[in-house]
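Have a look at the structure below, then the notes.
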Amino acid sequence: MTDPLFEFLCRLGDNTLVLGHRVSEWCGVAPVLEEDIALANTALDLIGQTTMWLNLAGEVEGAGRDADALAFRRDVWDFRNLLLVEQPNGDFGQTMMRQFLFDAWHVLYLTELEKSSDARVAAIAEKSLKEARYHLDRASETVIGLGDGTEESNARMQAALDRLWPYVGEMFDSDAVDMDMVAKGIAPDPGTLRPGFDATVNPVLRKATLTRPESDFAHRGGRSGARHSEHLGHLLTQMQWLQRAYPDATW
Amino acid sequence: MQNEWPLWEVFIRGQHGLSHRHVGSLHAADAEAAIRNARDVYTRRNEGVSIWVVEASAIAASSPDEKGPLYEPSNDKVYRHPTFYDIPDDAGAM
């Protein structure tokens, strides 16, 4: 069996890698200049976090792989990100809704990881948390502004919420890897974060005049790697193209 | 209906003890959004410790046409310009 700590670190690094790449797809085409810059900043923050998580994952694995090797030389079935973060950008509202749902979870998870028994994990969490808090603040205000905006912006945000809600449940799944992390004091049981998530998300949705979907049906298979959606493969062909075509290329 | 967000002028204080300086302008829906946008557009490289935003329409400005009457009278009054003093090196920048 793979080292659970390696699995755990890949989950963290793959979340920020895949979401960071998705957000970077807005670079140059966002609706207004200010949002374009803000989205690029968010993407860069996430890629920076990825470098820290995946370098540590490579170190823990001890097979000579660094963050670049893990990011650019693995195929779909080796990725351990949540299904939520690989979902396509859709319109700007859908991108911001995805960001909001992820950030709400990310802030809670990183807050717990700051107390990790593994000092390396705690240090990366502490650094990432400052960025994640700002991302959550920005995404929350955007969700409120667009939700409680015009008839059209409200309809688009409700559609985004309805479309992405089935990807929320996976964030709170626990498996053997999580239980191993809990036993070693490295990370919390994700299931325990759900009340905190609801406490973050519900008031924002209320202010945004959006209706929280009733069904808690959840798509699963991203963080375990068992079944990614078809979107991840397409994302990887873009992201990994250069290293696949010209292995070890540098500039 | 107005489709363009209002224009905001952005002022940033680079260090404690200095005054806020005008760094540029941007568009945003309201003051809070303007501060967030200013953070993203103007402070990514550790430029600031404090941000002010002012809606551009709230600024009263002098007209370029009044340049003569406003400023030129002081040019020929050399005693208004303290250029006759030797500043000791120890005093540093004034």
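Just how large is the dipole of chain B about the Cα centre, in debye to the nearest 20, putting +1 at every Lys and Arg Cβ and -1 at every Asp and Glu Cβ?
My answer is approximately 260 debye.
If you take the square roots of the eigenvalues of the alpha-carbon gyration tensor of chain B and sort them as a ≥ b ≥ c, do you get rounded (a/c under 1.5), prolate (a/b over b/c) or oblate?
Oblate, since a/c reaches 1.5 and b/c is not below a/b.
DSSP loop (so not H, G, I, E, B), at most 16 other Cβ within 10 Å: list which trypsin sites (Lys or Arg not before Pro) in the stretch B:49-94 pass both filters.
B:Lys77
Give me the net charge for the shell around A:Ala176: Cβ to Cβ below 14 angstrom, other residues only, Lys and Arg +1, Asp and Glu -1.
Combined, the nearby Lys, Arg, Asp and Glu give -3.
Report, in deg cm²/dmol and to the nearest 500, the calculated mean residue ellipticity at 222 nm for chain A, where each DSSP H run with n ≥ 4 adds -39500 (n - 2.57) and the sum is divided by the residue count.
-21500 deg cm²/dmol
Scan around B:Arg21 for amide H atoms under 5 Å from its own, H built in the peptide plane at 1.01 Å from N, and keep only partners 5 or more places away or cross-chain.
B:Ile12, B:Arg13, B:Gly14
Anyone know which of A:Gly185, A:Gly93, A:Gly222 comes out most mobile in the 10 Å Cα GNM of chain A?
The residue with the greatest mean-square fluctuation here is A:Gly185.
Over the stretch A:97-251, what is the relative contact order in whole percent, taking alpha-carbon pairs under 8 Å and six or more residues apart?
That works out to 26 percent.
Identify, among B:Ser74, B:Pro64, B:Ile12, the residue whose Cα sits farthest towards the positive end of the charge dipole of the stretch B:7-86, taking +1 on the Cβ of Lys and Arg and -1 on the Cβ of Asp and Glu, with the dipole about the Cα centre.
B:Ile12
Treating cross-link reach as a plain straight distance, find the lysines whose alpha-carbon is under 25 Å from the alpha-carbon of B:Lys77, omitting any fewer than eight places away in the same chain.
Within the straight-line limit of under 25 Å, B:Lys77 reaches these lysines: B:Lys67.
For chain A, max minus min Cα coordinate along each principal axis, in Å, sorted largest first?
The principal-axis extents, from largest down, are 54, 43, 31 Å.
Under the definition of Cα pairs under 8 Å and six or more residues apart, what whole-number percent is the relative contact order of chain B?
So the answer I get is 27 percent.
Cα to Cα, under 29 Å, and not fewer than 8 places away if on the same chain: which lysines meet these conditions relative to A:Lys127?
Straight-distance partners of A:Lys127: A:Lys115, A:Lys184.
Throughout, read-outs are computed from the coordinates displayed, never taken from laboratory work. Quick caveat, the model's predicted, so the values are computed rather than measured. Quick reminder, even Gly has a Cβ in these numbers, built from the backbone with ideal geometry, and neighbours come from all protein chains shown.
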